[in-house]
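Some notes on the structure that comes next.
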Amino acid sequence: DFYSSDFYTDKLLQYLRERAPGDDRPFFAYLPFQAPHWPLHAPDESIAKYRGRYDAGPDALREERLAALKRLGLCPPDVEAHPVVADGAPEWADMTDEQRAVSARSMEVYAGMVDRMDWNIGRVIEYLSDSGELDNTVVIFLSDNGAEGAIVEAMPLHGARIAAQIEKHCDNSVDNLGRPSSFIWYGPRWAQAATAPSRLHKAFTTEGGIRVVGFVTWPGFDRQREVGTAFSTVMDIAPTVLELAGAAHPGTTYRGREVAPMRGRSMVPYLSGGAEAVHDADTGTGWELFGRRAIRQGNWKALHLPAPYGPGGWQLYDLAADPGEIHDLAESHPDKLGELLTLWDRYVEDNGVILDPVSVFDLEFEAEA
């Protein structure tokens, strides 16, 4: 009966309840769920809530969700969504009935996994409320990356081995999906139903890979129950927490050893309504993963994707006008691209980035060729 989301929550609640009566010292609690990472598993009762919900397929779900985002004001009403890129994953219309059943059930399991995680978060919130601590607790929730779109059996260098082991040891029949003896994921089409209007998904430096949902709540913040559009990153959480706790970062040494300097900016001025942004307009933020690169300053973003997902050179996008990263402005705004590439060079130098000209994904494509 072990289920990781339940277990992690049980342990956190245990730690909170073990605090001595009358102990009013500030506490920091971190609850990192494994969910909803693959392999997708959820209790039967959680999966059952979504039975049949996704039978129309990922494209229909993407359109439905995009319409809801527009209706709720979470993206512009005229936003242009990046087309789905799903090499290796068949179109819904081209699938057999059996393939559709497996695909839809996989999405049901994913939804059940998220549902169970949400229920567990509710248990923590309920404890804080019952103990009288909720109004004095800052709650931060976020995803670590965009939706997972990998087709695991096609992953570079070891995909065939994974597929063989799954075939040998797991039961991926439709009725068993989501149970402990199954091993599934949901692929790039369902992932891009989650990331629309953004481009692509996890493992890419496009917005679909790095732009995520986040919530910050505390009655002491002026900005509550509103949609924030200020750019921030996970690196901003530590300075935010330290400022709220009235604690100072130790600098370059702590207890006689060297420590890394603080990265990021506190979000407190923005959340308190005293600032319109977390970062100033000159701040450059970079990313690199699997040979894929990006650098952002304000609403401008330079992106470098190796083939087949990009041209292998730098592209330029205005995210304010083009959140889907569709219209490359590199040729029409060469000076702006040059400014961003200067920031990129600084990012590489400051972080000791080693740029391998061939990514692990390139090796896989060469092997297939």
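Quick note: the coordinates plus some simple rules give every number you see, no bench work behind them. Keep in mind it's a predicted model, so treat the numbers as computed, not measured. Glycine gets a Cβ as well: all are built from the backbone with ideal geometry, and neighbour counts include every protein chain shown.
Quickly rank 146-152, 233-239, 17-23 as a protection proxy: mean count of other C-beta atoms within 10 Å, highest first.
146-152, 233-239, 17-23
Obtain the nm distance between the two label points defined at MET262 and ASN351 by a simple spin-label model: each point lies 7 Å from its Cα along the Cα-to-C-beta direction.
Output for this residue pair reads 2.0 nm.
What shape does segment 238-335 take by its C-alpha gyration tensor, where a ≥ b ≥ c are the square roots of the eigenvalues and a/c under 1.5 counts as rounded, a/b above b/c as prolate, and the rest as oblate?
Judged from the Cα gyration tensor, segment 238-335 comes out oblate (a/c at least 1.5, b/c at or above a/b).
Order 189-199, 86-96, 280-290 from most to least packed using the mean count of other Cβ atoms within 10 Å.
So the order, starting with the most tightly packed, is 189-199, 280-290, 86-96.
How large is the charge dipole for the chain, taken about the Cα centre, if only the Cβ atoms of Lys, Arg (+1) and Asp, Glu (-1) carry charge, to the nearest 20 debye?
In debye, rounded to 20, the chain gives about 720.
Rounded if a/c is under 1.5, else prolate if a/b beats b/c, else oblate: with a ≥ b ≥ c from the C-alpha gyration tensor eigenvalues square-rooted, which is the chain? Each step should come with its number before you reach the end.
Numbers: a/c = 1.57, a/b = 1.07, b/c = 1.46.
Since a/c reaches 1.5 but b/c is at least a/b, the shape of the chain is classed as oblate.
In whole angstrom, note down how far apart the Cα centers of segment 228-284 and segment 323-345 are.
If we compute the Cα centre of each part, the gap is 27 Å.
For the chain, what is the mean residue ellipticity at 222 nm derived from helices alone (per DSSP H run of n ≥ 4: -39500 (n - 2.57); sum divided by total residues; nearest 500 deg cm²/dmol)?
Calculated mean residue ellipticity at 222 nm is -11000 deg cm²/dmol.
Using a cut-off of 19 Å between alpha-carbon atoms, which aspartates and glutamates can reach LYS70, once sequence neighbours fewer than 8 places away in the same chain are excluded?
Within the straight-line cut-off, LYS70 pairs with ASP59, ASP78, GLU80, GLU207, GLU226, ASP322, GLU325.
Taking the mean number of other Cβ atoms within 10 Å as a proxy for protection, how do you rank 40-51, 294-305 from highest to lowest?
Put in order of decreasing packing, that is 294-305, 40-51.
I need the shape label for segment 283-368. Rule: rounded when a/c is under 1.5, else prolate if a/b > b/c, else oblate, with a, b, c from the alpha carbon gyration tensor.
Values: a/c = 2.26, a/b = 1.34, b/c = 1.69.
Judged from the Cα gyration tensor, segment 283-368 comes out oblate (a/c at least 1.5, b/c at or above a/b).
Would you be so kind as to identify all helices of the chain, as entire DSSP H runs, whose Cα atoms reach 24 Å or more along the helix's own axis and whose mean Kyte-Doolittle hydropathy is at least -0.5?
Length and hydropathy pass: 97-130.
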